[in-house]
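**Student:** Pasting a structure here, questions to come.
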C-alpha cells in the first residue's frame, strides 16, 4: 500500500518503509529557493510528552519528513511508516510537520532529523534530552542524640537522576556548605551524595536540618531531620523573701531554678568555705533560714547536674542591723535644688536691672560756677572773695570750679 502509485525503481523489492525513503532520495529533483528549515531542541521529563516541530518558510511543495536517531522515517508528510503508536501527528501543512511523542523513555533520547526534499536536500536537527528526576532524598545522621559543643555529620543522597542533581543544606534559616560527590552509575544515571559537618549548641535543640535537592525535573524536593541536643543545666537563684535588705531577726527564702536537657533530677545547696546553718531548712530547690544574724553572712551556692554536666549559681548574704534603712535622711533631689538656685539668680538679676534703670533716671543735677576774675587773683581765696556776687547770698549753696 505504501508504494502504490509510485514509479518503479530498483529498490521496490525492499520493505515499504525503505522503498518510501529511497524513492524520494533517488528521484527528488525539487529545486531549492532559499527555503529555511528550522526546528528546536526539546527537554522532557521521563514519562511525559515531547513535541517535535519541523518548520519551513516559503515552501514550494517540497516534501517534509521526520527521522528518528536511527535514521528511520517517523512521518513522511502526514503518513507514519514507523509502527510506534506513541508518535502522533499534531499538525501537517505546507510549512510545518509537528509530531508528538508520548510516554518518553530514556531510549528515546537522541538527535531527530527534519528533512526537506529540495535540491540539494535540507536537514535540521532536534536533540531530545530526557530528564530523569532523582528518587526521594535520603538524609542520615551520624548521631541521633548530640551534646552541646560536639561536632556531628549528616549525609544526603539523591539517587538515579539525569542530569546530576545539586544539593543544598539549611539549618533553620541559615544555609550551610556541604561537600558533594557525584557518581555515574552503570545505566548512565547520576547519584549525588552531600556531606555536612557542623558543631551544635544548646540553641540548636529542636532546629530542623533540611536537605534541598535541585533538579530541572522537580521543584522543592527535600528531606529534613530535627536536631536533638542535650545541654547542661542553666541555674539561677531567685530571692523569694525579703524583697529589700536582709536584716537581723528576719527570715530568708531562696529558690533555685534549674533547666537543662535532660532535666536535672537533683539540686543541692552548699555554703562556700563553711557549713550551712544547722537550723536552715532545705526542701528540694528551696533554702529557708529563720531569724537571721550576722554569723550567717557568706556565699550560698545552688548546684544542679545532669548527664551532660554540672552548673551552679551563687547568692551572697549580708545581714544588716535590725534598724538598717530606717530614719535615713531623705535623698536630696539635686535637680530641684538646681532649679531653685536658678530662679533666685534670675530674680536677683532682674532686680539689679530695675534698680539700675531707676537710679539712672533720678540722678541729681549740679551746677558749677567759675569765679570771674579768678585769672587775676593771687590765690584761690582771693578768687572766691572777688567772685561775682561775693557773699551776698550766703544762704544759697553754690559750688565753684577752681
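FYI, it's all coordinate maths here, none of it is from the lab. The shown structure was predicted, so the numbers you read here are calculated from the model rather than taken from an experiment. All Cβ positions, glycine included, derive from the backbone under ideal geometry; neighbour counts span all protein chains shown.
**Student:** As a test, work out the antiparallel percent of DSSP beta bridges whose residues both lie in segment 37-131, rounded to the nearest 5.
**Tutor:** 90
**Student:** For residue 346 and residue 143, calculate 0.36 nm times their separation in residues minus their Cα-Cα distance, and state this gained length in nm to one decimal.
**Tutor:** 65.3 nm
**Student:** So if R0 is 25 Å, what FRET efficiency would residue 51 and residue 160 give, r being the distance between their Cβ atoms, rounded to the nearest 0.05?
**Tutor:** 0.45
**Student:** Can you check what the Kirkwood hydrodynamic radius comes to for segment 135-227, Cα pairs only, in Å to one decimal?
**Tutor:** Kirkwood radius, segment 135-227: 13.7 Å.
**Student:** Mean separation of Cα pairs under 8 Å and 6+ residues apart, divided by the residue count of segment 37-131: what relative contact order is that in percent?
**Tutor:** Averaging sequence separation for qualifying contacts and normalising by length gives 39 percent for segment 37-131.
**Student:** Say R0 is 56 Å: what FRET efficiency, to the nearest 0.05, do residue 324 and residue 265 get from their beta-carbon distance?
**Tutor:** 0.90
**Student:** Let me ask you something else. Each label point is 7 Å from the Cα along the Cα-to-Cβ direction; what then is the distance between the points at residue 241 and residue 84, in nm?
**Tutor:** If labels sit at residue 241 and residue 84, their model points lie 9.1 nm apart.
**Student:** Tell me, 51, 74 in order of fewest to most beta-carbon neighbours within 10 Å?
**Tutor:** In order of increasing Cβ crowding within 10 Å: 51, 74.
**Student:** By how many nm would the segment from residue 299 to residue 226 grow when fully extended, if each residue of separation counts as 0.36 nm and the alpha-carbon distance is taken off?
**Tutor:** Length difference between fully extended and current span is 22.2 nm.
**Student:** Taking a virtual spin label 7 Å from the Cα of residue 283 along the C-beta vector, which residues in segment 252-267 bring their backbone nitrogen under 14 Å of it?
**Tutor:** 252-256
**Student:** Restricting everything to alpha-carbon atoms, can you work out Rg to Rh for segment 232-317 with a Kirkwood hydrodynamic radius?
**Tutor:** Reported Rg/Rh (Cα atoms, Kirkwood Rh): 0.99.
**Student:** With a point put 7 Å past each Cα toward its Cβ, work out how far residue 273 is from residue 91 in nm, to one decimal.
**Tutor:** The answer from the label model is 9.5 nm.
**Student:** Could you work out the relative contact order of segment 135-227, using alpha carbon pairs under 8 angstrom and six or more residues apart, expressed as a whole percent?
**Tutor:** 33
**Student:** Now for a different question. Could you give the length gained on full extension between residue 307 and residue 61, defined as 0.36 nm per residue of separation minus the Cα-Cα distance, in nm?
**Tutor:** 79.9 nm
**Student:** Under a plain spin-label model, where a point goes 7 Å from the Cα along Cα-to-Cβ, how far apart in nm are residue 71 and residue 219?
**Tutor:** In this crude label model, residue 71 to residue 219 measures out at 4.2 nm.
**Student:** Using the reciprocal of the averaged 1/r over all distinct C-alpha pairs, how large is the Kirkwood radius of segment 54-200 in Å?
**Tutor:** That comes to 19.3 Å for segment 54-200.
**Student:** Same structure again: Going by the alpha-carbon gyration tensor, a ≥ b ≥ c the square roots of its eigenvalues, is segment 37-131 rounded (a/c under 1.5) or, if a/c is not under 1.5, prolate (a/b greater than b/c) versus oblate?
**Tutor:** prolate
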